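Taking it in order: structure first as structure tokens, then the write-up.
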Amino acid sequence: MLRLRQVGEYLAAILFLVLVWYVYVVAFDVPAFIVPLPADVGKALIEMFSTQDLMHHFLVTSGEVLAGFVLGIVFGYAIGYLIGKFKFLEDALMPYILLAQTAPKIALAPLFVIWFGLGFTSKLMLIISMVFFPVMLGAIFGLKSVTYNLKCLMQITGLNWWQKIVQVELPHSLPQIFAGLKVGMVQAVIAAIVAEWISGESGLGYLLVFNSTTYNSPMLFASIIYTIVVGIIFYALISFLENRFLFWHDSKQMK
Amino acid sequence: ACGAKPNDTAQTPAAGGEKPKEIQKVTVQMDGAAVPYYAPMYVAKEQGFFKEQGLDVDFVYADAASIVKNVAADNVQFGFPNADAVITAKSQGIPVKVVHTTYQRGLGATIFKKGKGITSPKDLKGKTVAVTSFGSPNYIQLQVLLEKNGMNIKDVNAKIVGTGAIVNALVSDEVDAITFSMLRTVELKNSGVDVDEIRSDDFLPSFGNVVVTSDKYLSTNKNTVIAFNKALNQSLDYIIKGNVKAAVDMSIKKYATSSEGKQEITEKIFNDVFIPYLWQSDLTKKDGYGAADMARWQTSIDTQKTFDIIKTTFKAEDLVVPNLK
Amino acid sequence: MSTTAIRIEDVNKIYKASDGREVQALTHIDLNVKKSEFISIIGPSGCGKSTLLRILANLDTPSSGSITWEKSADNIGFVFQDATLLPWKTVYQNAKFPLEVKKLETKENMENLDKLLELAGLKGFEKAYPRELSGGMRQRVAIVRALSYNPDVLLMDEPFGALDALTRDKMGIELLRIWTETKKTILFVTHSISEAAFLSDRVIVMSPRPGKIDEIIDIDLPHPRTVEMKETIEFVNYVKKLREVLG
Amino acid sequence: MSTTAIRIEDVNKIYKASDGREVQALTHIDLNVKKSEFISIIGPSGCGKSTLLRILANLDTPSSGSITWEKSADNIGFVFQDATLLPWKTVYQNAKFPLEVKKLETKENMENLDKLLELAGLKGFEKAYPRELSGGMRQRVAIVRALSYNPDVLLMDEPFGALDALTRDKMGIELLRIWTETKKTILFVTHSISEAAFLSDRVIVMSPRPGKIDEIIDIDLPHPRTVEMKETIEFVNYVKKLREVLG
Amino acid sequence: MNYFGRKSFLVILTLLVFVGLWQAYVSVFHIPVQILPGPALFVSKFLKILTMGDMGTHIGITLYEIFIGFLIGCVLGLLFGYLLAKSVLLERLFNPYIVLVQIAPKISIAPLFLLWFGLGATSKIALVILVVFFPIMVNTIVGIRSVEKNMQDLLHILKANRWQRFWTVEIPYSLPSIMSGVKVSTTYAITGAVIGEMIGAKAGLGYLVILGSETYDINMILTAVLLLSVIGLLLYMLSNMLEKRLLRWHESQELIL
Ligand SMILES: Nc1ncnc2c1ncn2[C@@H]1O[C@H](COP(=O)(O)OP(=O)(O)OP(=O)(O)O)[C@@H](O)[C@H]1O
Ligand SMILES: Nc1ncnc2c1ncn2[C@@H]1O[C@H](COP(=O)(O)OP(=O)(O)OP(=O)(O)O)[C@@H](O)[C@H]1O
Ligand SMILES: Cc1ncc(C[n+]2csc(CCO)c2C)c(N)n1
Ligand SMILES: [Mg+2]
Ligand SMILES: [Mg+2]
């Protein structure tokens, strides 16, 4: 029921945006190659949807994002956990992890293609590199903010390392990790698009380049909108999981 | 229509016929980044040819599609993109005009490493060939090349590799050949990669970089456009008439600083390719630099239609304004 | 019955506070805790009771001195001064937590757990989350949790602090029953003098700044203890004596 | 002196727990709190004492019924069941916090604050951070904080829960002194029957499930109260009576 | 060895191992220099590019865009984060737009920014603001909403005004969370500026990436990326120092057992 209301709110927001868009284009007489009319983009959306092709591109991009996302979370948490636990790892690796993280991966995308080939691997690497960091930070933060009493409880109860993670440390990090995931997810979609932009014969990133170089504005906007749809799907997925797993947290106690 | 217009002075209509008195600031947006090949533009500025024409010119860079859009949106007054990108844009109704056919021929070439068993177009059969996009002129060039040699696109394994990675894909043997800019051939050779090329222009007429401006700007600032062309022609003439070294040295020193140390190879490319093959043709001997071979332009447009890159064909006259001097 | 369970020898603990001050939290603590003994620790706020318990549980290290566990320090239970429940687990899941961790979810233990929850008056609240409980209820969950896996040694830091007098008495008697049945060694910090006298074999009276043991008083009341004993002259005398020692 | 300070009329509170169960935390609560009255609330864990205090402080809304403040509900003090200190502030900063917020850092108030800290036995710990304090010390900081700005009405939820018997008695007497001097209205939740009898004008006895007022007992002992009164027959009788009512 | 000695030792050791592996990889597999130069070659090229005449301009422009955008983005993120955390109504009203704008892949709307805000620094700053804003906002919301229930109640009792709540409790409570948002943002700020410069510019480190791409100069790309990383690292360290200063009290500063 709550879901339904939320969907309604989003639809209303989108409708309002479309209206503003329409008024802007008409009132300022914006040429179509800069911003096409909503109706034309609507037509392009439907046209793309009704051809088999779109689904293919859509699934390719979603698949890449999902795979990169899952791996990014696993690696991010694992490394974050190790760094949070072992001071010497933090000392030795942190400067380089930070350096690697702050490197604009977008600029490296062409090099990723050279280094990891034209296939799936380079795309996956790019996406992982985007999701990895926020999750890692969340893991470290969560680990460090386990309260003193909880640490004592864990020691007294005799949790092994795995139980510590599953029973206490991971749940404790979840609020931070989810905040990181929301940010990382956006980056993951961007990464997938850039990767497809550089190399690839399918995916929404490919559609973007194709429609951009052929100046097909309505199709270009439609492609952008479909990339946003991918984003929304992942965002909804994360929000769903967040509500599922964070029901107990203070941040969820507001009505 | 858009937020910022960097050069509002450019909007002031110049009095017809007369040379504009006050200095006009204009921006020209060029393909990619600052490379010495844009020497004609840099020389025109540094030698004061632009200034003589009452122009103060600024340079910015972007990819071809963005250039055309920025020109049409009045963000910049002039663009210097690849002609193929302009044809595609025109077919989509973007209001731009080519006012100076600077490069008389296409830059496209299919490049491959020697020793890969490729010596003639026939040898491409079964090979992996990269193009930047299925919507790109390279792709048409590749198709025409294959068909003129009794094959079709199914006979090769066509791959998409973006502009940023395509040359490296060739170097790292990810692909056997690429259809891309012929300028890379010389550069690759120079950096020790033994490559050879099949020029696309031999099969399919096209043009490299051309000067474009928007319909609106051309109609309201025709004199400025003419002044721009005059300065550019003056510059081309200056370079061709014995100043290649000076032009290259100046361009690298003042603009394309990252090409430091490439003076010699660039000079060689200018003497071997730009002067005899790109900037001059039989037509320019007759009509001057930047002259437009309307029949060649029409063929170029029609081929894009034939290969379904553009949906509608149009008359070359609607895009290209010849002899704007 | 009088073998030593824990030998505490000349334990000192100095905290270095953030402003550079040094706080002598424990000084020259010597104590032999016998197996199956019920020891209460009383003393004014800040005298080092929690610190002592924490050091025994190996949650903190002494600045000097030694702690020797006769058998092993492995199977201990600890009730913290505040409940320290996991907010994402229900009452039942929190109580069951050690059994799960220790993989002791036998039928017997689970039945025992149900009984403990019942005794603690938490029946009907098994599915509630910590934030839905009253302060006393939270603390009772923590007590059940510590008892759930039947540890050899129980360290309890004011476990009944948030409980009302009646519940407190009830839980005390329950604890005594469990202690008699299972022969646990119990160290019990409390603020209630009569509780200390009623429950324990020995009462340790501490005083602060620096935290030290003032006196150790044996309570020679027979077992099992009953509520009626609180009316006896011996009991009242013990309480009086403890009050005197406390100052 | 017997004007009404707070009128509580037929207040009910129903919590909806996460598993759908409804918990009747308060039912038909009727009470007139007189101005400058010292009321204690006792009752078993979970009977709704904290809930009642929270509703009075407007931290929670009743499901039905009304609360009328005769003057204004503005200047109240609240001591929580757990200390709730700001971890990044020192003892002194935590205690001063309300004065800062209310911009009442007058010379007089600051001197009073120092006196309160002294009385609470926190002298020498002004610069310590909460994590460097014992449980009882933390709670004493919270009490000083609530008293610092001299509120008209004090709502105290087991303020002495983590204190040892001696400190507890001392703080109780101190609270009484402050109450007599400043004519505060005090609602005081406690688990100690004798504390309730010793401190208050009236004791409210509550019982759980559903939480309701069982009985209100007037304590007709003279003021000022002294420790010796605890030995009097009247006092012992009050305690006995309260214990009977409780169960 | 003291802590800093040990730390420097570890850091240098890691670097040596990395360079060794790099060199070994390049020599053993005969990697062409166009694909990956060896460490020695890269360092010499790096120094050469670094001393290039207009390098100062490139670095300066990018720094300017990043700093201005980062500052504005942080302020806006904090502001909106606070407002949305405090007001359920505002959150419901704005959340859809914020989510939509945020989810839209910046890389695909960046060209539009250049069309709208022109080719100068403004469009890049706008992009930086856009990417910095969201992590800060999300983390501010999380932080402010996780102020302990009891502490919120205390503030209520004390009748603390909005500003006092914000300044004395909500900010300190949410600082750990906000700071982790700030840290994430530093890296996104760089990406934002770079995307902007890659799409259209005449100077800046992002422009150098394109220049390197255009001239197939892998050393130029790596140099620009390395410089950008260093800027990011400095920003990160700055945030870290700030955090250390602000979070001295936090339990995460205590030693783990
Ligand atoms: N947020 C909540 N959601 C659901 N139930 C709640 C909530 N808060 C309190 N309760 C229930 O309301 C009842 C009364 O709780 P309250 O905290 O008022 O008790 P109390 O008298 O203060 O107990 P104690 O002495 O243990 O602190 C309890 O049964 C508790 O489970
Ligand atoms: N982490 C710490 N850093 C500095 N001082 C500390 C620390 N922990 C405790 N102390 C100090 O050590 C002394 C003893 O503390 P402890 O918690 O053991 O007292 P306690 O007897 O349990 O008191 P209470 O009955 O109030 O809980 C106190 O003076 C306290 O300030
Ligand atoms: C993202 C991106 N897009 C386009 C170009 C530039 N570009 C477009 S076509 C072409 C070949 C003709 O010289 C070049 C270089 C770039 N550098 N980066
Ligand atoms: Mg203690
Ligand atoms: Mg309570």
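The values are calculated or read from the model by the stated rules, or taken from the named source; none is laboratory data. Only a predicted model underlies this, so the values are computations on that prediction, with no experimental measurement involved. Cβ atoms come from the backbone with ideal geometry, glycine included; neighbour counts cover every protein chain shown.
Descriptive notes on the structure:
- Test for D:Thr180: is it surrounded by fewer than 24 Cβ atoms within 10 Å (Cβ to Cβ), within 17 Å of D:Ser40 (Cβ to Cβ), polar (S, T, N, Q) and without any contact (Cβ under 8 Å) to a residue 60 or more places away in the chain: yes
- Of residues in the range B:172-199 being without any contact (Cβ under 8 Å) to a residue 60 or more places away in the chain and more than 12 Å from chain E (Cβ to nearest Cβ), the one surrounded by the most Cβ atoms within 10 Å (Cβ to Cβ): B:Val175
- Among the residues here, D:Ala17 does not qualify as away from chain C (no Cβ under 14 Å), more than 16 Å from ligand 3 (Cβ to nearest atom) and either buried (at least 16 other Cβ atoms within 10 Å of the Cβ) or more than 20 Å from the chain's Cα centre (by Cα) (or both).
- Counted as qualifying within the range E:23-124 are the helices (runs of 4 or more DSSP H) with 3 or more residues that are under 23 Å from the mean Cα position of the chain (by Cα) and farther than 30 Å from A:Val229 by Cα, namely E:55-86.
- Residues being within 16 Å of ligand 4 (Cβ to nearest atom) and over 15 Å from the mean Cα position of the chain (by Cα) - total across the range D:164-182: 4
- Residue check, A:Gly200 more than 16 Å from ligand 5 (Cβ to nearest atom) and within 20 Å of A:Ala67 (Cα to Cα): yes
- Within the range C:46-60, residues that are more than 13 Å from chain D (Cβ to nearest Cβ) and under 23 Å from D:Ala120 (Cα atoms) reach no partner that is of a type in the set (Gly, Ala, Ser) and within 11 Å of ligand 2 (Cβ to nearest atom) with beta carbons closer than 6 Å at six or more positions or on different chains.
- When residues in the range D:84-95 are screened for being farther than 20 Å from E:Leu246 by Cβ and either among the small types (Gly, Ala, Ser) or in a loop (DSSP other than H, G, I, E, B) (or both), 2 of them pass.
Residues checked against (1) within 14 Å of chain B (Cβ to nearest Cβ); (2) of a type in the set (A, V, I, L, M); (3) surrounded by fewer than 19 Cβ atoms within 10 Å (Cβ to Cβ):
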site	(1), (2), (3)
E:Phe67	no, no, yes
E:Leu89	no, yes, yes
E:Gln102	no, no, no
E:Trp116	yes, no, no
E:Asn139	no, no, no
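- D:Ile213 vs. criteria within 23 Å of D:Ser50 (Cα to Cα), β-branched (Val, Ile, Thr) and at pLDDT 90 or above: yes
- Failed criterion for A:Val230 (all others in (1) modelled with pLDDT under 85; (2) within 21 Å of the chain's Cα centre (by Cα); (3) buried (at least 20 other Cβ atoms within 10 Å of the Cβ); (4) on the phi < 0 side of the Ramachandran plot hold): (1)
- Inside the range B:230-245, residues that are in a helix (DSSP H, G or I) and surrounded by fewer than 22 Cβ atoms within 10 Å (Cβ to Cβ) make up a count of 8.
- Selection within the range C:146-163: residues that are in contact with a strand residue (DSSP E or B) (Cβ under 8 Å, 6 or more places away or on another chain) and part of a helix (DSSP H, G or I). The member of this set that is farthest from ligand 4 (Cβ to nearest atom) is C:Leu147.
- Unmet criterion (only one of (1) closer than 30 Å to A:Gly63 by Cα; (2) crowded, with 24+ Cβ neighbours inside 10 Å; (3) not acidic (Asp, Glu)) for A:Leu153: (1)
- The residues of the range C:96-139 that are surrounded by 14 or more Cβ atoms within 10 Å (Cβ to Cβ), more than 14 Å from chain D (Cβ to nearest Cβ) and not in a helix (DSSP H, G or I), listed by number, are C:Lys102, C:Leu104.
- Residue within the range B:218-227 that is among the aliphatic types (A, V, I, L, M), away from ligand 4 (no atom under 16 Å from the Cβ), under 24 Å from B:Asp272 (Cα atoms) and buried (at least 20 other Cβ atoms within 10 Å of the Cβ) present: no
- Hey, C:Ile143 crowded, with 22+ Cβ neighbours inside 10 Å, within 14 Å of C:Gly121 (Cβ to Cβ), of a type in the set (A, V, I, L, M) and away from ligand 5 (no atom under 16 Å from the Cβ) or not: yes
- Segments classed as helices (runs of 4 or more DSSP H), wholly inside the range B:28-96, with at least 3 members that are under 21 Å from B:Ile240 (Cα atoms): B:39-46, B:49-52
- Residue within the range B:94-109 that is at the interface with another protein chain (Cβ under 7 Å from one of its Cβ atoms), of a type in the set (Val, Ile, Thr), more than 16 Å from ligand 5 (Cβ to nearest atom) and touching a residue at least 40 places away in the same chain (Cβ under 8 Å) present: no
- When each of B:Ala158, B:Ala165, B:Ala169 is tested for being free of Cβ contacts under 8 Å to residues at least 40 places away in the same chain and surrounded by fewer than 22 Cβ atoms within 10 Å (Cβ to Cβ), the lone residue that passes is B:Ala158.
- Residue match in the range D:25-37 (condition: in a loop (DSSP other than H, G, I, E, B), over 20 Å from D:Asp218 (Cβ atoms) and not acidic (Asp, Glu)): no
- The single condition from (1) touching a residue at least 12 places away in the same chain (Cβ under 8 Å); (2) surrounded by fewer than 21 Cβ atoms within 10 Å (Cβ to Cβ); (3) over 27 Å from E:Leu208 (Cβ atoms) that B:Pro276 fails is (1).
- Once the range D:64-83 is narrowed to residues that are in a loop (DSSP other than H, G, I, E, B) and within 16 Å of ligand 2 (Cβ to nearest atom), the residue that is nearest to D:Lys115 (Cα to Cα) is D:Ala83.
- Where B:Phe134 falls short, out of the listed (1) surrounded by fewer than 24 Cβ atoms within 10 Å (Cβ to Cβ); (2) within 14 Å of chain A (Cβ to nearest Cβ); (3) at pLDDT 85 or above: (3)
- Considered as a group, the residues in the range D:133-146 that are touching a helix residue (DSSP H, G or I) at 6+ places or on another chain (Cβ under 9 Å) and within 12 Å of ligand 2 (Cβ to nearest atom) include one that is modelled with the highest pLDDT, and that residue is D:Val141.
- Picking from residues in the range D:205-226 that are out of contact with any helix residue (DSSP H, G or I) (no Cβ under 7 Å at 6 or more places or on another chain) and over 13 Å from D:Gly46 (Cβ atoms), the one that is surrounded by the most Cβ atoms within 10 Å (Cβ to Cβ) is D:Ile213.
- Failed condition for D:Lys240, given (1) within 14 Å of chain C (Cβ to nearest Cβ); (2) away from ligand 4 (no atom under 16 Å from the Cβ); (3) modelled with pLDDT of 85 or more; (4) closer than 20 Å to C:Leu163 by Cβ: (4)
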